[in-house]
Amino acid sequence: MGDRRRPTWVRTAAAITALTLALGSWCGGDEPALARVETAFIYNFTQFVEWPAAAFPGKDAPFVVAIVGEDPFAGALEQAMAGKLASGRPIVVRHYASAERIEGYQLLFVPEAQDDAVAAILAKAAGRPILTVGQSDAFMRGGGAVRLFVEDGHMKFQIDPDVVDASKLKASAKLMKLARIYRK
Amino acid sequence: MYRQVMAAATVCALLFLQAVARGAAGANGVPATQPAAPVASPAVEPNGDDLTQLPLEDLMNVEVTSVSKKMQSISDAPAAVSVISADDISRSNYSTIPDLLRLAPGVDVAQINSFAWGVSVRGLNNEFANSLLVLQDGRSLYNSLSGGVYWDTVDYVLADLDRIEVIRGPGATLWGANAVNGVINIISKDSRDTQGWLLSLRGSNEDSDLSARYGGRLSDDTTYRVYLKAKYTNDFDDARGDSAGDDWYGLRGGFRIDKHPSDDDTFTLQGDLGDNRIRQATTVILPMAPFSAFTTVGRNDATSNLLGRWDHRSGDDSDFSLQVYYDYLKTDYTTTLYDQNTFDIDFHDRLKLGQSNELIWGLGYRLVNSDIHPTLELSDSLPTRNDNLFSAFVQDTFTLQRERWFLTIGSKFEHNDYTGFEVEPSARLLWKPDKQNSFWAAVSRAVSPPSRIQNDVRVLTLFGPTETEIIGRSNELSEVLVAYELGYRAQPAKNISIDLTAFYNHYDRLQTLHAGAPISTTPLIIPLTWGNQINGDTFGGEVSATLRLSDMWRLEGSYSLLETHFASPDPENLTTAIRDNGSAPRNQAQIHSYLDLTRDLQFNAGVSYVGRVPEFNVPGYVSTDLNLVWKPKDSLEFSAGVTNLFDNHHPEFGVTGGQGVASEVPRTFYAQVTYNF
């Protein structure tokens, strides 16, 4: 019985292999890009953190997400935020070359490439109702609030509760439960 | 066979249609419209690709290791490595750890009966396969009485497993004795990643289990979890379809505490207790005529362990780990009453020396205290033994040319109380001509020292109509392997990865048994003495490939070939080889499809072929496994499926002694619900 099975099996396997290879080259699919996952996390932070009313310059002011330096998401952040609300306000994304001139934002994303300038950037946001989100150890050591990182193939995040408290923001219990707690 | 092929073809056709629907909808980055899937869920937003609509918990489960990244890290290893991820585990039909190992390429998993498995890589399979090293969270699961692993005692809350790493080929330079044909690392999640309640209930026609886990926080930087798992496995059928009478209950519980005082330090303390109550069929030797009886006896396998570990990272390329554990294992049935206490301490350190050297070194000590409570069948003139194992290793990776050529050379040095001093060196060369391709080659030496049964134990057993007395000998030697391996990994396109390996293994001093003049005539008892009389060669290879057809659909396939040529023992000396040429299948192949029908519904399918096992005259078989996993809410998961769809039951292996009798692996329909809160 075992001997008669093999040829049929081999043919089937060959057929399946040929089919899947043909499919693969035809579909040309792609894995969920890192940027899309990261930006989805950033969106979630806008939903699970509570900003005080005083964080916004006016009643009709939008919710501003600022990025310092070169955009590591290649436009994915705008795509993720398009048409969405945070604190009941439309979300807009603004890009700044450096920290000096940015004003009136509620969430600040600091890419890893800004590690050299991280102290200066975070100094601008310190103690104000701004959620800082970064990618590096240096960012957390410098007083960042939330860090996104990849571990064992999954995106995870750290939160420094002292920094969040000092910013007068409130992170939801659910967010804190899923987060790694970071203490300096 | 025709039915299997048709079913496989139908499944493929369905998957194909799915892909067409998804491929067409998702092309050019245009937001996918409602997919033309037969199972369309109203929960799918018009913008189905929008990850922001995923619950945060699910988002944390999205696999972000793209094929390229995974390849990058694995392609740095000049060895045949594969990983069974938490996602693979949650999408699988299997409810036991040995069965999950079927998912890895080149692993030969042969279930013997409801509670015993033979698991091996690249041949030499046996119910006590002693050439595969198995570790659970850094703790060796080897039983030093007969070698191998009592797989019924290896369990966990499967949702709390992080991954299972499978290394094919020798790993003795780092892991030491018994890492001859492969190494398996079963790794559980950090307790900070298992916070809250998890309740899981599984039911099937063959097994059912209930798991409860709670994870909490002791302080800002310290988390813990505790768990309890109860399971029942029905008796399997024998070849005639009658009950093999091998049902069993298992109960286990445990905890894990992790403290992260800084980003660079992790302290882990964990422990487990397990107790299995098994019915097993056994031949019992009787002191008078008819001298033996076949009967069903109760068996108790118990385990416990406590482990502490400190991991410290002192930089990007340097870290150390200090681990201490205690492990207890007991197996108790009419003919065998054995327990062992293991105490182990292990330290290893990795550091960068200059620009081009990365050094790993380590030291270890293990004490195994084992007790044989004498029975008529199994006894030892010295019931209690204390065996010491001292070990040290050093391995250096030289960068011969930056980002291109790497040479890894190292050796383990061990001293054990059975065979004395053992050296297990290896040399590995890695060439990465570009980011998409890597080639590696390795030569390594590894040993399997004799287990206690070969050394000083007297076993009285029935061998056909004759009783035999198997006598250990104190000068039994280690089996020695010299392995030559070649590997190639490639990522020809962004969504395809391929892994090829070839090996040639030469074994020396393989175990044999030598018959002597009868020591009794009524009953006839023939003495058998252990020896190391034969040599042998195996060669073969493994091919595996991953294909991501889209965000929603991944295919994984593998094929492995094994040719075994062990020398024939000398019949004049009445020699029997323990290693059988036919203990493992020549061919194995499998293909798995992981498809997300909608955001909360997965359809997973697998077809695997395992060739004939000549030693036990077990025919080859094809197993088709299907399941659906539905996650209606963040916290709730239902899954249901069938394993071994086209087959009532089939045998996979046989028994050579000790683990009851062989029975047949049945078709299994299962349903499972998991609730997280």
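The values are calculated or read from the model by the stated rules, or taken from the named source; none is laboratory data. Keep in mind that this is a model prediction, so the values were computed, not measured. No Cβ is skipped: glycine too gets one built from the backbone with ideal geometry, and neighbour counts run over all protein chains shown.
Out of curiosity, is A:Phe157 at pLDDT 85 or above, surrounded by fewer than 19 Cβ atoms within 10 Å (Cβ to Cβ) and either more than 14 Å from chain B (Cβ to nearest Cβ) or under 20 Å from A:Glu38 (Cβ atoms) (or both)? Walk me through how you get there before you give the answer.
On the way: at pLDDT 85 or above: yes; surrounded by fewer than 19 Cβ atoms within 10 Å (Cβ to Cβ): no; either more than 14 Å from chain B (Cβ to nearest Cβ) or under 20 Å from A:Glu38 (Cβ atoms) (or both): yes.
Judged against the criteria, A:Phe157 is not a match.
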Quick check on B:Thr501: is it within 26 Å of B:Ala515 (Cβ to Cβ) and assigned to a strand (DSSP E or B)? no
List pairs: first in the range B:610-629 and part of a helix (DSSP H, G or I), second among the basic types (Lys, Arg), Cβ under 9 Å, 6+ apart or cross-chain? B:Pro614/B:Arg586
Of those in the range A:129-141 that are free of Cβ contacts under 8 Å to residues at least 60 places away in the same chain and touching a Ser or Thr at 6+ places or on another chain (Cβ under 9 Å), the residue farthest from A:Lys168 (Cα to Cα) is A:Phe139
Which helices (runs of 4 or more DSSP H) does the range B:26-140 wholly contain that include 2 or more residues that are within 11 Å of chain A (Cβ to nearest Cβ) and at pLDDT 85 or above? B:86-90
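Yes or no: B:Ala589 at pLDDT 95 or above, within 13 Å of another protein chain (Cβ to nearest Cβ) and more than 17 Å from B:Arg122 (Cα to Cα)?
On the way: at pLDDT 95 or above: yes; within 13 Å of another protein chain (Cβ to nearest Cβ): yes; more than 17 Å from B:Arg122 (Cα to Cα): no.
Against the criterion (at pLDDT 95 or above, within 13 Å of another protein chain (Cβ to nearest Cβ) and more than 17 Å from B:Arg122 (Cα to Cα)), B:Ala589 does not qualify.
Just to be sure, is B:Thr233 buried (at least 17 other Cβ atoms within 10 Å of the Cβ) and of a type in the set (S, T, N, Q)?
The answer is yes for B:Thr233.
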Among the residues of the range B:545-586 satisfying the criterion of being in a loop (DSSP other than H, G, I, E, B) and within 10 Å of chain A (Cβ to nearest Cβ), which is surrounded by the fewest Cβ atoms within 10 Å (Cβ to Cβ)? B:Arg586
Within the range A:161-184, work out how many residues are farther than 17 Å from B:Leu56 by Cα, in contact with a strand residue (DSSP E or B) (Cβ under 8 Å, 6 or more places away or on another chain) and either more than 11 Å from chain B (Cβ to nearest Cβ) or not in a helix (DSSP H, G or I) (or both). 6
